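Since the structure comes first, as structure tokens, the remarks are kept for the end.
The values are calculated or read from the model by the stated rules, or taken from the named source; none is laboratory data. Everything numeric here is computed off the predicted structure, so don't read it as measured data. Heads up, the Cβs are rebuilt from the backbone with ideal geometry, glycines too, and the neighbour counts pull from every protein chain shown.
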Amino acid sequence: MNLSNEEILDNLVIEDLIPQKKPFVMVDKLLEYTTDKIVAGLTIEANNIFTKSKVFTEPGLIEHMAQSVALHTGYQYYLKNEPAPTGYIGSIKKIEIKKLPEQGKKIRTTVSILHEIMGVTFVNISVELDDEQIAYGEMKTVLAK
């Protein structure tokens with residue numbers, strides 16, 4: 001079921017939907033949302049704390065993946081008129097990073113929700129750069145109580 005086709009490109013709105021705050025925000029766009037999928041984006045900036053030598057590093061890419069999941073959860077809560085909950089990565093499984101994006105590039109990440117039960121979310125994640133998959137994996141996130 002699609003609840004919103006509205007893209008959200010305003011950084012301040014995005015920051016209200018996730019628990020992370022600057023300088024630790026690794027998503028800057030919500031491009032598509034359904035109850036079982038989200039497409040998020042990030043433009044790699046020079047001042048990003050995970051950009052080193054004009055390249056977005058592996059920890060940054062993994063954090064971006066996790067925050068894309070958090071954006072899905074935060075938007076769900078926004079639709080219910082509730083504040084975004086805090087959560088954390090419960091586990092990472094089968095992550096493969098094929099290529100790191102360079103400064104100035106825009107990555108697009110699709111999160112497919114496999115299961116969501118009692119504050120635990122299991123997902124598949126695919127990160128693309130210029131229509132090429134550069135990273136993928138599985139992750140479990142857990143809401144803090």
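For (1) closer than 19 Å to ILE134 by Cβ; (2) out of contact with any helix residue (DSSP H, G or I) (no Cβ under 9 Å at 6 or more places or on another chain); (3) not hydroxyl-bearing (Ser, Thr, Tyr); (4) not in a strand (DSSP E or B), each residue gets a yes or a no:
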residue: LEU12; (1), (2), (3), (4): no, yes, yes, yes
residue: GLU15; (1), (2), (3), (4): no, yes, yes, yes
residue: MET26; (1), (2), (3), (4): yes, no, yes, yes
residue: LEU30; (1), (2), (3), (4): no, no, yes, no
residue: TYR33; (1), (2), (3), (4): no, no, no, no
residue: ALA40; (1), (2), (3), (4): yes, no, yes, no
residue: PRO59; (1), (2), (3), (4): yes, yes, yes, yes
residue: MET65; (1), (2), (3), (4): yes, yes, yes, yes
residue: VAL69; (1), (2), (3), (4): yes, yes, yes, yes
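Conditions tested, residue by residue: (1) hydroxyl-bearing (Ser, Thr, Tyr); (2) farther than 23 Å from ILE49 by Cα; (3) surrounded by fewer than 22 Cβ atoms within 10 Å (Cβ to Cβ); (4) over 16 Å from the mean Cα position of the chain (by Cα).
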| position | (1), (2), (3), (4) |
| --- | --- |
| VAL69 | no, no, no, no |
| LEU79 | no, yes, yes, yes |
| LEU129 | no, no, yes, no |
| GLU132 | no, yes, yes, yes |
| TYR136 | yes, no, yes, no |
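Select from the range 26-70 the residues that are under 13 Å from LYS106 (Cβ atoms) and among the polar types (S, T, N, Q) and list them in ascending order.
The answer is THR43, ASN48.
Tell me which of these TYR78 doesn't satisfy, since it passes every other one: (1) under 19 Å from SER126 (Cα atoms); (2) at pLDDT below 95; (3) in a helix (DSSP H, G or I).
For TYR78, the failing item is (1).
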